[in-house]
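What follows is a single structure, written as structure tokens, with notes after it.
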């Protein structure tokens with residue numbers, strides 16, 4: 001039994017959206033992006049504000065910047081020894 005049928009049998013609301021062709025998929029992305037914005041607004045949050053994403057970008061840049069500099073990858077400290085391998 002598909003999971004959607006099991007959810008429906010249990011009394012949960014189920015929405016089925018049938019697309020006439022694959023080109024309507026972009027329309028669905030837009031629909032749900034708007035729905036996310038509206039739902040976030042109703043509960044008083046900015047659904048597209050992800051502070052941890054920017055913090056993660058900063059930390060990733062710190063970790064990868066030595067690799068992106070000329071010869072940076074070859075001057076990295078070794079984190080293992082022959083005995084540990």
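Derivation of every value follows stated rules applied to the coordinates shown; laboratory data play no part. Since we're looking at a predicted model, the values are computed, not measured.
For residue 17 and residue 3, the difference between the fully extended length at 0.36 nm per residue and the C-alpha to C-alpha distance is 3.5 nm. Remark: the residue 56-residue 43 segment gains 2.1 nm on full extension, using 0.36 nm per residue and subtracting the alpha carbon distance.
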